[in-house]
Each structure stands twice: as C-alpha cells, then as structure tokens.
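Peer 1: Supplied in structure tokens, the structure appears directly below.
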Amino acid sequence: MNPNTTPAALQAQVSGSSFYAGMRVLPKVEREAMYAVYAFCRAVDDIADDEEGARADRAVALDAWRADIESLYAGRDPGRATLVAEPVRRFALDKADFLAVIDGMAMDVAADIRWPPFATLDLYCDRVASAVGRLSVRIFGMNEAPGLALAHHLGRALQLTNILRDIDEDAAIGRVYLAREHLERAGIALSEPLAVAADPRLDAPCRELAKIAREHFAKAQAILAKRPRGHLIAPRLMAAVYAPILRRMETIGWAPPRTRIRVNKAALIFTVARLWLLR
C-alpha cells in the first residue's frame, strides 16, 4: 500500500481544511472515502494554483492525472489514482466527475480566468465544486435525483461564496472570477485584475452574484429540509457555515477596501454539535 494513501495519511492532508469538521462526523467508511476524494481534489488544485510552474508543465501534470483516472476505471495500473481506488470500488463513483474536476483545474491552467461570461463561470463552478458534490453524495448514500440536485445547488452556492470572499486574493494572482455581464452593467472597465478589484463600483456586480448564490443556498436547504436518505450532516454543516458568511458579506458590502470574512471556529464547533444532536 502506498503510505500516502492510508486513512491516517489522508486524514492528515485534510485536517487543516475548513471541510475537516464536516467530514469527521461521517461514519468511518464514508469518512475515509471523503478524505481520499478531498486529497485528489487538493492534488489537482495544487497543480492549478502553482504560480511557479510553467503552464505547459502544469497542463502535462493534469493530463497525467487524467490518464491515471482512465487507467483506474479500465482496470490498469492506476498510478496516483490509487488513492481513490477504494472509494470508486465501494461507492461506484462516476469517472466523469473526477475528469470534470480535472477539467475545471485545466481552465485555471490554460489562462488566468478573468471576468468570464456567466455561462463559463457556471461551467467552472460545476466542474470544481458541483462535480465534487456529485462524488460526495454517492458516498453519503443519497438517492440519485435529490443527490444530483443537492450537488448542483450546494456546490455552486459554496463556490460563488468563496469567489465573493476571495476577490482581493484572486486579483493579486491575476484572476477575476466575477461575471463579465455583471461587471459591464456596473460600467467597470475590464482592464487589469487589481484595477477591477479596486473599482468603487464593484459592490453592484458582487451583489448580483450574491443573489444567485443565495438562490442556490435556498434550493439546497429545501432539498435538505425534506430529510432525504443519506448521511447528510456534512452538507448540512457546509450550508450552515457558508450561508451566514454570504449574508455577512451582503451586509458589509464589497466596496473596497474589503476585509476577508473567515470561518469562526467556535461557531463551527457549536454548529457541528447542534447538527449532531438534531440528526
């Protein structure tokens, strides 16, 4: 066994993330499967975010992951994809979702994403977030229809919230994920990322995107409120933590200068305990 793919090693990789609390409340088998999926996501995300690496080299690295996933599903030597081999076998995870995650990272590698049309932004969110959700809901044991719907809405809600929270950090590395249509309606010139982030009119396009994120949160909450089959403490926790972050940003607004809102660890622990008692 590769020592980097043992449950303990995978848990160590996850432990510093904001998703850790949501994963650790799962039953052991599901928890370890989620650690493996997260480790895969982090591996390909690290490639996409490697600002020191040449784009061509990063594209080759993502292609190598794509080949390993293909080999895993073809019954050949899976290479690094060994780390998700057991979850794939146990939970019948869909190859297309792993490839979608890689395709999303490839969008960042091909060129720094700057003010994409909303349709492109939505595709990006589907690949880097909702595809992870589709893998997750299988592990959670959800039925297909509510599971796919939850992955669609909660994935987009979380990703859009992160985009709205990380405007300055993204601009500093040459990226602006805000939708082109929203920026143009506000009269913001699409010049340079830092200039866009510093524009005093940025609040309006951010509120347009926040409204879409809020609608996705509402649809995700409506699905969860029906108490569908599955171990759903983790998605309930993510919704319970990130929806208030979105509300706080809407209250404060996005006019520069901005202060990045962070997850309150004490509130996170309280939310985990409350959801565990009410499960």
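The values are calculated or read from the model by the stated rules, or taken from the named source; none is laboratory data. The model shown is predicted, which means the values in this text are computed figures rather than measured ones. Every residue, glycine among them, receives a Cβ derived from its backbone with ideal geometry; neighbour counts consider all protein chains shown. The area values use the complete protein model at the heavy-atom level, side chains included, leaving out ligands, DNA and RNA. Shrake-Rupley method; radii C 1.70, N 1.55, O 1.52, S 1.80 Å.
Peer 1: Under a 1.4 Å probe, what is the accessible area of the stretch 107-229 per residue, stated in Å²?
Peer 2: On a per-residue basis, 41 Å².
Peer 1: Here's another thing I want to ask about it. Can you quote the Å³ per residue value for the convex hull of the Cα atoms in the stretch 153-240, rounded to an integer?
Peer 2: In the stretch 153-240, the Cα hull volume divided by residue count equals 91 Å³.
Peer 1: Could you give log10 I(q)/I(0) at q = 0.16, 0.26, 0.28, 0.30 Å⁻¹ for the stretch 48-111, computed by the Debye formula over C-alpha point scatterers of equal weight, without solvent?
Peer 2: Per q value, in the given order, log10 I(q)/I(0) is -0.53, -1.07, -1.16, -1.25.
Peer 1: Comparing 257, 87, 228, which has the greatest mean-square fluctuation in the GNM of the chain with Cα pairs linked when under 10 Å apart?
Peer 2: 257
Peer 1: OK, next. Do you know the relative contact order of the stretch 8-163, to the nearest whole percent, from alpha carbon pairs under 8 angstrom that are 6+ apart?
Peer 2: Taking the mean separation of contacting Cα pairs over the length of the stretch 8-163, I get 20 percent.
Peer 1: Sort the following peptides by mean Cβ neighbour count (other Cβ atoms within 10 Å, averaged over residues), highest first: 151-159, 77-85.
Peer 2: Highest to lowest by the protection proxy: 151-159, 77-85.
Peer 1: Which one of 172, 218, 100 has the biggest mean-square fluctuation once the chain is modelled by GNM with Cα springs under 10 Å?
Peer 2: Taking springs between Cα atoms under 10 Å, the residue moving most is 172.
Peer 1: Just need the relative contact order of the stretch 155-230 here, percent rounded to a whole number, with Cα pairs under 8 Å and 6+ apart.
Peer 2: For the stretch 155-230, the relative contact order is 36 percent.
Peer 1: While we're here: Grab the DSSP H runs of the chain that are 4 residues or longer, score each as -39,500 (n - 2.57), total them, divide by all residues and round the 222 nm result to the nearest 500 deg cm²/dmol. Walk me through the intermediate numbers first.
Peer 2: Numbers: 15 runs with 192 residues, N = 279.
-21500 deg cm²/dmol, from helical runs alone.
Peer 1: Can you give me the long-range amide H partners of residue 114? Hydrogens built in the peptide plane at 1.01 Å from N, cutoff under 5 Å, separation of 5 or more residues or another chain.
Peer 2: So residue 114 has HN proximity to 176.
Peer 1: Alpha carbon centre of the stretch 92-125 versus the stretch 132-176: separation in Å?
Peer 2: Centre-to-centre (Cα) distance: 11 Å.
Peer 1: List the aspartates and glutamates whose Cα lies under 16 Å from the Cα of residue 28, skipping any in the same chain that are fewer than 8 positions away.
Peer 2: Filter leaves 86.
Peer 1: What is the local net charge at residue 214, summed over the other residues whose Cβ is closer than 15 Å to its Cβ (Lys, Arg +1; Asp, Glu -1)?
Peer 2: With Lys, Arg at +1 and Asp, Glu at -1, the neighbours total +4.
Peer 1: Still on this structure, please answer the following. Largest first and to the nearest Å, give the Cα extent of the stretch 89-161 along each principal axis.
Peer 2: 37, 23, 16
Peer 1: While we're here: For the chain, which whole percent of the accessible surface, found with a 1.4 angstrom probe, sits on carbon and sulfur atoms? Don't skip to the end; give the middle numbers.
Peer 2: Numbers: 7310 of 13120 Å².
Here carbon and sulfur together make up 56 percent of the probe-accessible area.
Peer 1: Ratio of alpha-carbon Rg to the 2.2 N^0.38 Å globular estimate for the chain, to two decimals, please.
Peer 2: 1.00
Peer 1: Related question: Could you check which residue among 192, 70, 30 shows the biggest mean-square fluctuation in a GNM of the chain with a 10 Å Cα cutoff?
Peer 2: In this elastic network of the chain, the residue with the biggest mean-square fluctuation among 192, 70, 30 is 192.
Peer 1: Okay, moving on. Send over a whole-number figure in Å² for the accessible area per residue of the stretch 25-66, probe 1.4 Å.
Peer 2: Solvent-accessible surface per residue comes out at 45 Å².
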